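Chemist: Questions regarding the structure given below will be posed in turn.
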Amino acid sequence: MEKSRFNLTDICTANNIERTFVKELQRQGLIEIIIDRDQEYLEEEQVFHVERYSTWHYELDINIEGLEVVSRLIRKIEMLQEELRHLKASHSSR
């Protein structure tokens, strides 16, 4: 099943995000931009990340390097929470 794509220009305009900021997110490996017929797109999950990162950057004044660290820590927390849920579920089924 093909994922929904959103035009990068439309996302930047709608969210008042600088295009250079989004390109820097891509350069740092935080998001993936899809190029199709000379147009740039973001998949739905990537739009969520861009909006999240832009909030952290513009409202909390976190630089790109800080965004990388925060993102990595949140992914680690989510993995640990999932592991804990799994362990609790296997423990309760005994």
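Chemist: How about the range 1-35: which of its residues are among the acidic types (Asp, Glu) and assigned to a loop (DSSP other than H, G, I, E, B)? Break it down into steps so the answer makes sense when it comes.
Modeler: Of the residues in the range 1-35, the ones among the acidic types (Asp, Glu) are 2, 10, 18, 24, 32.
Those that are among the acidic types (Asp, Glu) and assigned to a loop (DSSP other than H, G, I, E, B): GLU2, GLU18, GLU32.
Chemist: Under 9 Å between Cβ atoms, at least 6 apart or on separate chains: pull out the pairs that start in the range 61-74 with a residue that is touching a residue at least 40 places away in the same chain (Cβ under 8 Å) and end on any residue that is open to solvent by 90 Å² or more (accessible area, probe 1.4 Å).
Modeler: ILE64/ARG27
Chemist: Conditions first: (1) open to solvent by less than 100 Å² (accessible area, probe 1.4 Å); (2) of a type in the set (Asp, Glu); (3) modelled with pLDDT under 95. GLU78 passes all but one, so which condition is the exception?
Modeler: Exception for GLU78: condition (3).
Chemist: Looking at the range 37-59, which of the residues that are more than 13 Å from the chain's Cα centre (by Cα) and among the acidic types (Asp, Glu) is surrounded by the most Cβ atoms within 10 Å (Cβ to Cβ)? Step through it out loud before you land on a result.
Modeler: Residues of the range 37-59 more than 13 Å from the chain's Cα centre (by Cα): 37-41, 58-59.
Then keep just the ones that are among the acidic types (Asp, Glu); that gives 38, 40, 59.
Values: ASP38: 5, GLU40: 18, GLU59: 8.
Checked the range 37-59; the qualifying residue surrounded by the most Cβ atoms within 10 Å (Cβ to Cβ) is GLU40.
Chemist: Here is a list of conditions, (1) at negative phi; (2) among the charged types (D, E, K, R); (3) loosely packed, with under 10 Cβ neighbours inside 10 Å, and ARG85 meets all of them except one; can you say which number that is?
Modeler: Checking ARG85 against (1) at negative phi; (2) among the charged types (D, E, K, R); (3) loosely packed, with under 10 Cβ neighbours inside 10 Å, the one that fails is (3).
The values are calculated or read from the model by the stated rules, or taken from the named source; none is laboratory data. On a predicted model such as this, the values are computed, not experimentally measured, just so you know. With ideal geometry, Cβ positions are generated from the backbone for all residues, glycine too; neighbour counts draw on all protein chains shown. When the accessible area is computed, the model is the full protein with side chains, heavy atoms only, and any ligands, DNA or RNA have been set aside. Shrake-Rupley method; radii C 1.70, N 1.55, O 1.52, S 1.80 Å.
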